[in-house]
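Remarks on the structure that follows.
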Amino acid sequence: MFGASIAPHLDITLHVNEGTKATCYNVRSGPSASASIVGCAPFGSRATLDGGVAYESPASSDFLPLWWHIQNQGWINGVAICSADPCVGD
């Protein structure tokens, strides 16, 4: 696993995952699917990235190999980060 810096305080929107009954993405203590869950970031919410990117070989097809740090929360998988507006899809 390795990490690289990003510009501090990059504001993003979290993807709205319409294909699930869940309402949020797990926020983890470290950049790994096996790290403990420390919170839940609601779909469609705004967040500020203050660190990352960290790489992890994906454990399953549910995760991307990239993890980002959300300010004052923890790590979130790259699958949650929206790259379009509006930020909706599955």
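The values are calculated or read from the model by the stated rules, or taken from the named source; none is laboratory data. This structure is a prediction, so every number in the text was calculated from the model and none was measured. Note that we place each Cβ from the backbone using ideal geometry, even for glycine, and neighbour counts take in every protein chain shown.
When ILE81 is tested against (1) at pLDDT 85 or above; (2) surrounded by 18 or more Cβ atoms within 10 Å (Cβ to Cβ), exactly one condition is not met: (1). Yes or no: ILE76 modelled with pLDDT of 80 or more, of a type outside the set (D, E, K, R), surrounded by 12 or more Cβ atoms within 10 Å (Cβ to Cβ) and out of contact with any Ser or Thr (no Cβ under 8 Å at 6 or more places or on another chain)? The answer is yes for ILE76.
Filtering VAL16, VAL38, VAL53 for residues that are in contact with a strand residue (DSSP E or B) (Cβ under 8 Å, 6 or more places away or on another chain) and modelled with pLDDT of 85 or more leaves a single hit, VAL38.
Just one of PRO8, PRO58 is surrounded by 11 or more Cβ atoms within 10 Å (Cβ to Cβ) and modelled with pLDDT under 90; which is it?
Numbers: PRO8 fails: surrounded by 11 or more Cβ atoms within 10 Å (Cβ to Cβ).
The unique qualifying residue is PRO58.
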